[in-house]
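Visitor: Starting off with a structure, shown below.
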Amino acid sequence: MFLFKPSTDNSDTYDPAKATSKYNAVKDAVWKSGEKVPFLALAKTFAAIEEHSGRLKSIEIMSNYFCSVMHLSPDDLVKSVYMCLNKVCPDYENIELGIGPGILHKALAESTGKTLAQVKKDIASLGDIGLYAEKSKSNQKLLVKPKPLTVSAVFDAFKTIAMMTGNQVQSKKVDKIKSLITSSSPIESRFIMRSLAGKMRIGLGEKSLLQALTQAYLIFKDESNAKLVGSDKFKEKLAKKSLLLQTAYCECPNYDKIIPTLMEHGLENLSKFCFLTPGIPLKPMLAHPTKGVQDVLERLEGAKFTCEYKYDGERAQIHLNDDKDTYIYSRNQENNTEKYPDIVKLIHEIVSPNVTNFILDCEAVAFDVSTKQILPFQVLSTRKRKNVDESEITVRVCLFAFDLLYLNSESLVTKDLSERRELLRQSFNEVEGKFMLATSKDLSDVDAIQEFLEESIKSKCEGLMIKTLHDDATYEIAKRSRKWLKLKKDYLEGVGDTLDLVPIGAYLGKGKRTGVYGGFLLACYDEESEEFQSICKIGTGFTDEDLSSLSASLKESLVAKPKSYFLFDDSLNPDVWFEPSQVWEVKCADLSISPVHRAGVGLLDDTKGISLRFPRFIKLREDKKPEDATTASQVVDMYRNQESVKSGDGGAEAAGTAGSKEDENDYY
Ligand code: AMP
């Protein structure tokens, strides 16, 4: 009797890591035109990215694969893109793939014939469910050669698993996962299990992915571009062209729409088909931090501006479409409509009769109806997220509207804030305690701004948002723009703003903290290199409950060794490492140059980075993903601001140079 190894069609020889100048998208692809893309080709692409370091090489590998798919199996391109992002649909459809470890362990136990306890133990010692699956597949001999998996079949199975509900859902999921494991080769099972666990981070962020897609498209359309990859001329072209794809994605973050449009109408025509649409959340405009009123005035250089209260709640992007359906989206384009049935009901009360559709930018804030007072963010965070029944709501919210982006089938983002604000005032009616326009004053005098800042804090706000009104005052989708500056009360105490950082490692607790983590290693995010750079250790600011809930949730993200995209000094030596999964708001006394930490390395000093002194945990930022953490250039900016505060030179120059990168698109 013959024993067969798992699937070994010729996709086994696929090598997407070849230099693009030598890669032939058709001949090197090892599958034929019109065939479904073998999943092995994608798995080999992921493995190659994992093996090679450097963002440009990762983009090249991904682009080689995409280019083959564009030539041979364009219908598989959308699914390939979702697989790279570990997603099964746009964020706003709220369907996530993170299957709990219980189900995954059971499926592995049943398909390997080991006990559950053994599987758990082995995974814990390897520290990676993917590697465990790969190893156990390598040890298995199969009697029957399974049919090779395709990208399309794996994606469909993932989506089915993610959407399963109802009776015996657990055992149905286990069965489906088992059949995927059975059909997969060792390397395929590595990525299947990581994806199912929601841990498919290959170190290629969405920005790089869009660049890889653009690069592939340029070569697909004109093969001679392949020879130019890496040259300055091509880099320039790529930057310009990928902006078209990024813009389309920011206005319409839906690959099901963008990719077919790209393939049918081309990059240049994307904006004609993929634009703002009520019902599809756009990436919001963000603000740039400042260190004081003087800093604000210097940055705005005589432009007219308005000062608005900065409310401490949750961003709510509210959409009304022609069918009068209301949608509420978070800062991260998650669909929060179910969380706020009270807002959905309110919308019809506040719109003027001439309004047919709109997209409104607001902050939803917890509100005490009897005292007419704004309540802290912590109160808002106690609200249920799903299946909220209006009659059970105890935490009331008031919406504070600050911008109008779309009205009566017209996009307003290219209009100045003064015009958008006028339309906002004309199109909506305030209802006390439920829907109010953000309190604002158009000021220019330092003392008046200072007074208004203090007033905002007395009214339980975080500070002020300062926005240009007429010149250079358009709505910048997805950008942290200098047209919006934030002035928080915290700046009065030293550092201009809190930082949002990512735990990448931890130290086991001792004494009172035995059983939980006692300290953590935090990192900021460098958007240029897409690396997480260590910035401090932290052990204060946590309540006992914080420590136990954070420790429990972080245990789900343990990895055996630091990721290739972590930058840290070996002396930091944490007991455990985590896959980036959470963002924590942290306050500190000040920032200093550090021989150990790596935040912003290369920006101020070639080898030294910046670290935080006396960091204190404030809260978990549930609305942020690791890539939304404070960036390395923001850290450098904060450091320079503080240095100039200390030396008393006002800091505008230093802040201006270090912060210039912040004018770039914040997401990409
Ligand atoms: P931060 O999260 O500290 O960067 O601050 C930006 C956030 O402040 C936005 O994403 C909004 O959720 C919130 N915010 C509160 N009030 C305003 C306002 N008047 N204008 C713009 N954003 C505001």
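Visitor: Test of understanding: among LYS87, LYS106, which residue is in a helix (DSSP H, G or I) and of a type in the set (Lys, Arg)?
Guide: Only one candidate qualifies: LYS106.
Visitor: When you look at GLU422, is it outside any strand (DSSP E or B), assigned by TED's automatic domain parsing to the domain that holds ALA366 and more than 22 Å from ALA366 (Cα to Cα), yes or no?
Guide: It is true that GLU422 is outside any strand (DSSP E or B), assigned by TED's automatic domain parsing to the domain that holds ALA366 and more than 22 Å from ALA366 (Cα to Cα).
Visitor: Then there's this: Only one residue in LEU554, LEU499, LEU521 is in contact with a strand residue (DSSP E or B) (Cβ under 8 Å, 6 or more places away or on another chain), modelled with pLDDT of 90 or more, within 16 Å of the ligand (Cβ to nearest atom) and open to solvent by less than 30 Å² (accessible area, probe 1.4 Å), so which one is that?
Guide: On inspection, the qualifying residue turns out to be LEU499.
Visitor: If you don't mind, another one. Has the range 243-253 got at least one residue that is farther than 22 Å from ASP322 by Cα, in a helix (DSSP H, G or I) and among the polar types (S, T, N, Q)?
Guide: Yes, the range 243-253 has at least one match.
Visitor: Find the residue count for the range 267-282, including only residues that are open to solvent by less than 10 Å² (accessible area, probe 1.4 Å) and not in a helix (DSSP H, G or I).
Guide: 4
Visitor: Same structure, new question: If we keep just the residues of the range 284-299 that are of a type in the set (D, E, K, R) and buried (at least 22 other Cβ atoms within 10 Å of the Cβ), which is nearest to the ligand (Cβ to nearest atom)?
Guide: LYS291
Visitor: Ok, one more. What pairs come out if I take residues in the range 281-298 that are in the same structural domain as LEU487 (by TED's automatic domain parsing) and of a type in the set (Val, Ile, Thr) and pair them with residues that are open to solvent by 10 Å² or more (accessible area, probe 1.4 Å) and part of a strand (DSSP E or B) whose C-beta lies under 9 Å away, six or more apart or interchain?
Guide: Hits for this filter: THR290/LYS486; THR290/LYS488; VAL296/PHE305.
Visitor: Do we have LYS106 as outside the structural domain of LYS257 (by TED's automatic domain parsing), within 30 Å of GLU334 (Cβ to Cβ) and over 22 Å from the mean Cα position of the chain (by Cα) here?
Guide: So LYS106 fits the description; yes.
Visitor: Looking for whichever is closer than 19 Å to GLU60 by Cβ and among the aliphatic types (A, V, I, L, M) here; the options are ALA239, ALA197, ALA157. Which one fits?
Guide: Being closer than 19 Å to GLU60 by Cβ and among the aliphatic types (A, V, I, L, M) holds for just one of ALA239, ALA197, ALA157, which is ALA239.
Visitor: Report the residue count in the range 396-430 for those that are at pLDDT below 95 and within 16 Å of the ligand (Cβ to nearest atom).
Guide: Going through the range 396-430 one residue at a time, the tally reaches 1.
Visitor: Further question on the same structure: Report, by residue number, each residue of the range 136-179 that is at positive phi and of a type in the set (Gly, Ala, Ser).
Guide: Hit for the range 136-179 is GLY166, nothing else.
Visitor: Limited to the range 431-447, what total is found for residues that are open to solvent by 30 Å² or more (accessible area, probe 1.4 Å) and either among the acidic types (Asp, Glu) or away from the ligand (no atom under 14 Å from the Cβ) (or both)?
Guide: Of the residues in the range 431-447, 9 are open to solvent by 30 Å² or more (accessible area, probe 1.4 Å) and either among the acidic types (Asp, Glu) or away from the ligand (no atom under 14 Å from the Cβ) (or both).
Visitor: Any idea which of VAL583, VAL601, VAL576 is in contact with an Asp or Glu (Cβ under 6 Å, 6 or more places away or on another chain) and either of a type in the set (Lys, Arg) or within 27 Å of ARG201 (Cβ to Cβ) (or both)?
Guide: It is VAL583.
Visitor: Let me ask something else. Do we have any residue at all in the range 457-469 that's within 12 Å of the ligand (Cβ to nearest atom), at pLDDT below 95, open to solvent by less than 50 Å² (accessible area, probe 1.4 Å) and on the phi > 0 side of the Ramachandran plot?
Guide: yes
Visitor: Here is a follow-up. Quick check on GLU268: is it out of contact with any Phe, Trp or Tyr (no Cβ under 7 Å at 6 or more places or on another chain) and of a type outside the set (Lys, Arg)?
Guide: So GLU268 passes the test.
Visitor: When only residues in the range 396-417 that are without any contact (Cβ under 8 Å) to a residue 60 or more places away in the chain and outside any loop (DSSP other than H, G, I, E, B) count, which is farthest from THR468 (Cα to Cα)?
Guide: CYS398
Visitor: Identify, please: which residue in the range 574-595 is at pLDDT below 90 and part of a loop (DSSP other than H, G, I, E, B) and is, among those, nearest to the chain's Cα centre (by Cα)?
Guide: Across the range 574-595, the extreme among qualifying residues is CYS588.
Visitor: Does at least one position in the range 596-613 carry a residue that is part of a helix (DSSP H, G or I), among the charged types (D, E, K, R) and out of contact with any strand residue (DSSP E or B) (no Cβ under 8 Å at 6 or more places or on another chain)?
Guide: The answer is no; no qualifying residue exists.
Visitor: Right, next: Before we move on, is PHE220 touching a His at 6+ places or on another chain (Cβ under 7 Å) and either in a helix (DSSP H, G or I) or of a type in the set (Asp, Glu) (or both)?
Guide: yes
Visitor: GLN378 is checked against (1) open to solvent by less than 10 Å² (accessible area, probe 1.4 Å); (2) within 26 Å of the chain's Cα centre (by Cα); (3) among the polar types (S, T, N, Q); (4) away from the ligand (no atom under 15 Å from the Cβ) and fails just one. What number does that condition carry?
Guide: The number of the failed condition is (1).
Visitor: Oh, and also: Based on this model, can you work out whether LEU244 counts as modelled with pLDDT under 95 and either farther than 30 Å from VAL446 by Cα or within 16 Å of the ligand (Cβ to nearest atom) (or both)?
Guide: So LEU244 fits the description; yes.
Visitor: Continuing with this model, one more query. Just to be sure I understand, how many residues within the range 9-57 are open to solvent by less than 20 Å² (accessible area, probe 1.4 Å), part of a loop (DSSP other than H, G, I, E, B) and touching a strand residue (DSSP E or B) at 6+ places or on another chain (Cβ under 9 Å)?
Guide: 3
The values are calculated or read from the model by the stated rules, or taken from the named source; none is laboratory data. Treat the numbers as computed from the prediction; the structure is a model and nothing was measured. Note that we place each Cβ from the backbone using ideal geometry, even for glycine, and neighbour counts take in every protein chain shown. SASA here: full protein model, heavy atoms, side chains in, ligands and nucleic acids out. Shrake-Rupley method; radii C 1.70, N 1.55, O 1.52, S 1.80 Å.
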